[in-house]
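Colleague: Following this message is one structure expressed as structure tokens.
Each value in this text was obtained by applying a stated rule to the coordinates, not by laboratory testing. Keep in mind the model is a prediction, meaning the values are calculated, not measured. All Cβ positions, even for glycine, are placed from backbone atoms using ideal geometry, and neighbour counts span all protein chains on display.
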Amino acid sequence: MKTIAICVNRRLSGQPSCAARGSEALAQALEMVTKMHADVRIIRLPCMGACEVGPNVKVVGGDLYHGVDLAMLPLILEEVGV
């Protein structure tokens, strides 16, 4: 099974966070697209340690993407064969 992890961390201290930059909407979009692909799963993580350059998305066993927006999702999905 191929896994795409997305950081959905929301820092309450006013520091940058992936969730504040839209990672929850990205996670929802990825979940909708991959719903029909049993061999791909999306996991939401509390932090990847790089919120300053988020939203962050990691293809497990593959690339780590920073500053992800909706326009980048086709590239990420292509990496997992969707």
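Colleague: For the chain, which trypsin sites (Lys or Arg not before Pro) pass both filters: DSSP loop (anything but H, G, I, E, B) and at most 10 other C-beta atoms within 10 Å?
Modeller: Those that pass, being in a loop and sparsely packed, are LYS35.
Colleague: Same structure again: Using the basic label-point model (7 angstrom from Cα toward the beta carbon), what is the LEU64 to ARG10 distance in nanometres?
Modeller: About 2.5 nm separates the two model spin labels.
Colleague: Something else: Could you give the nm distance between label points at GLU52 and GLN28, where each point is 7 Å from its Cα heading toward the beta carbon?
Modeller: About 3.0 nm separates the two model spin labels.
Colleague: For the chain, what is the percent of antiparallel DSSP beta bridges, rounded to the nearest 5? Working shown, then result.
Modeller: Values: 5 of 11 bridges.
Counting only bridges with both partners in the chain, antiparallel ones make up about 45 percent.
Colleague: Using the charge dipole of the chain (Lys, Arg: +1 at Cβ; Asp, Glu: -1 at Cβ; taken about the Cα centre), state which of VAL57, VAL82, ALA19 has its Cα farthest towards the positive end.
Modeller: Of VAL57, VAL82, ALA19, it is ALA19.
Colleague: Further question: Just report the Cα centroid separation between segment 1-25 and segment 41-82, whole Å.
Modeller: 10 Å
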